[in-house]
Structures are given as C-alpha cells and as structure tokens.
Amino acid sequence: MRRERGRKPKRRVCSFCVDKIPSIDYKEGSKLRRFITERGKILPRRISGNCAPHQRQVTLAIKRARIMALLPFTIE
C-alpha cells in the first residue's frame, strides 16, 4: 500500500483498549482467530493494531490455546 504525498495512514487503535477488556482468555477461540493468518502464524502488532501489553496477552493466549488444542498450530 503506497502512501500518497502529504497524507499519513490512518492510525489503528487497539480493539481491546476500546472495549476496555482487562485480560484476554485463551478459551475464546473466535476472538483469537482474528489475530492468526491463514497459514497459522500470529499477526504482528503493526498489522493487528494492538497495543504492546495486549499484543503480549494475545500471543500468550494463542500459544496456550494451541497447547490445549483449541487452535491449530498450522492450517493446511
């Protein structure tokens, strides 16, 4: 995506901060699937738009959900 001259891209806001969610639960697979690519990789912070504390919680929750077999390690 190219940037036009003199125009800044729209800043993404953390969806967890907007909804005022204090902690992210690994058992909520539907919410966590938004932060995984079609290949099964965890989306980086600059793409997902999460703030740093919530991105760490998302990463930890995805890893825990994978161990508990709620989310797949890879999607084929």
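Bear in mind that the values in this text are calculations on the coordinates, not laboratory data. All values reported here derive from a predicted model rather than from experimental measurement. Heads up, the Cβs are rebuilt from the backbone with ideal geometry, glycines too, and the neighbour counts pull from every protein chain shown.
Figures for the structure shown
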quantity: Amide H contacts of residue 36 (H built 1.01 Å from N, under 5 Å, at least 5 apart or other chain); calculated: 43
quantity: Estimated FRET transfer efficiency (residue 73, residue 18; beta-carbon r; R0 35 Å; 0.05); calculated: 0.75
quantity: Distance (nanometres) between label positions extended 7 Å along Cα→Cβ at residue 42 and residue 5; calculated: 4.2
quantity: Kirkwood hydrodynamic radius over Cα pairs of the chain, then Stokes diffusion coefficient at 25 °C and 0.890 mPa s, in µm²/s; calculated: 181
quantity: Listed pairs 41/63; 10/31; 31/63 exceeding 18 Å between Cα atoms; calculated: 10/31
